[in-house]
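Single-structure report; data block below.
The values are calculated or read from the model by the stated rules, or taken from the named source; none is laboratory data. Every value quoted in this text rests on a predicted model; they were computed, and no experiment measured them. Note that each Cβ is placed from the backbone with ideal geometry, even for glycine, and that neighbours are counted across all protein chains shown. Just the protein is used for accessible areas: all its heavy atoms, side chains included, with ligands, DNA and RNA removed. Shrake-Rupley method; radii C 1.70, N 1.55, O 1.52, S 1.80 Å.
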Amino acid sequence: MIKILKSLIIKINHIIFLHKYFVRWIKIILLPNKYSSNGNYYKTAMKIILKASKLENSRQSYVVGSVLAALQAKNCGLKKITLIEFGVAKGEGLKLLIQIASLIRRDMDLEVSVLGFDNRTGLPDPLDYRDHPEIWSKKQFSMGENFKKLDDHIRSSNAKLMIGDVADTLSEFKLNDNVLAFASIDVDYYSSTKPIMNWIKNLKPLNTLPASVLYFDDVCNLWTYSNFTGEALAIKEFNLECDEMKIELKHKKLKLFALHNFSHPIRTGNKKTIINLELFIDKMNKFYP
């Protein structure tokens, strides 16, 4: 009886998804091809969100965040962007980013680099209360035997997997003339998030968007999360330490944050965009069924 009910629920959910998908596709068809306030790629961006919603293991935050970043890049006249996942584990998120990047390349005429950072062996020992030892423990989220297959897949997709302690790998990694458009930060610990924040803090103005998109996985929801521990503490300290960059929560449900770069030439008024950056995350989010 339970199996029958589960099967019925799955079928009902599938029907609901298809209905939502169809309704959103009609809405996209009815959108004008050119927008005075959103740019010529707005309709294309909504199509990518809808297409990506059907991908295996699709994640709404990754899809909406990446496409929001890509649309911002197009409206700024950029040619190349980078999507990064910090904390790859079994690789489902990184494989999704690779697929989203493929859609963006094809439909939005952008060069898109995809990178993943992981130590392969899982979480180290938590250092103190800031790493949430009541939740996390050593060796959680190890890549295990999945590593070789995942590494082969990533290489064949022209993406990169950076293996090692994130403090070490980031110290050697340079964006050069590329731009951090979207980053998923899912490393659980405060002590692991902190090196990522330090790396972002030292990025040159042109290595970010005017407001790059960041996703933080380990904030908001669990009862013992707080602004005094974990990723949230690293964000708080970043904002205290930086005058010209600030991280601000923009969508609580999706856990998407804006990395405001106030020294970016577009934010200072020294450089013009192709079109004003009137980007609304809620408008884009509505096209994910």
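Every condition in (1) outside any strand (DSSP E or B); (2) of a type in the set (D, E, K, R); (3) at negative phi is met by residue 248 except one, and the failing one is (1). In the set (1) out of contact with any Lys or Arg (no Cβ under 7 Å at 6 or more places or on another chain); (2) open to solvent by 20 Å² or more (accessible area, probe 1.4 Å); (3) farther than 21 Å from residue 139 by Cβ, residue 220 fails one condition alone, (1). Filtering the range 55-66 to residues that are open to solvent by less than 10 Å² (accessible area, probe 1.4 Å) and either modelled with pLDDT under 95 or under 24 Å from residue 162 (Cβ atoms) (or both) leaves 62, 63, 65, 66. The residues listed here are 160, 194, 138; of these, the one that is open to solvent by 30 Å² or more (accessible area, probe 1.4 Å), over 30 Å from residue 40 (Cβ atoms) and over 19 Å from the mean Cα position of the chain (by Cα) is 138.
Of all residues in the range 36-54 being under 19 Å from residue 104 (Cα atoms) and surrounded by fewer than 16 Cβ atoms within 10 Å (Cβ to Cβ), which is modelled with the highest pLDDT?
The extreme case among them is 54.
Scanning the range 164-183 for residues that are farther than 22 Å from residue 71 by Cα and surrounded by fewer than 17 Cβ atoms within 10 Å (Cβ to Cβ) turns up 164, 165, 167, 168, 171, 172, 173, 174. When residue 80 is tested against (1) among the charged types (D, E, K, R); (2) surrounded by fewer than 21 Cβ atoms within 10 Å (Cβ to Cβ); (3) within 21 Å of residue 173 (Cβ to Cβ); (4) under 14 Å from the mean Cα position of the chain (by Cα), only condition (4) is not met. Taking first residues from the range 131-147 that are within 26 Å of residue 228 (Cβ to Cβ) and partners that are acidic (Asp, Glu), the Cβ contacts under 6 Å between residues at least 6 apart in sequence or on separate chains come to 136/188; 138/125.
From the list 171, 191, the one residue that fits, being touching a helix residue (DSSP H, G or I) at 6+ places or on another chain (Cβ under 9 Å), in a helix (DSSP H, G or I), modelled with pLDDT under 95 and not aliphatic (A, V, I, L, M), is 171. Residues in the range 256-289 that are in contact with an Asp or Glu (Cβ under 7 Å, 6 or more places away or on another chain) and assigned to a loop (DSSP other than H, G, I, E, B): 262, 263.
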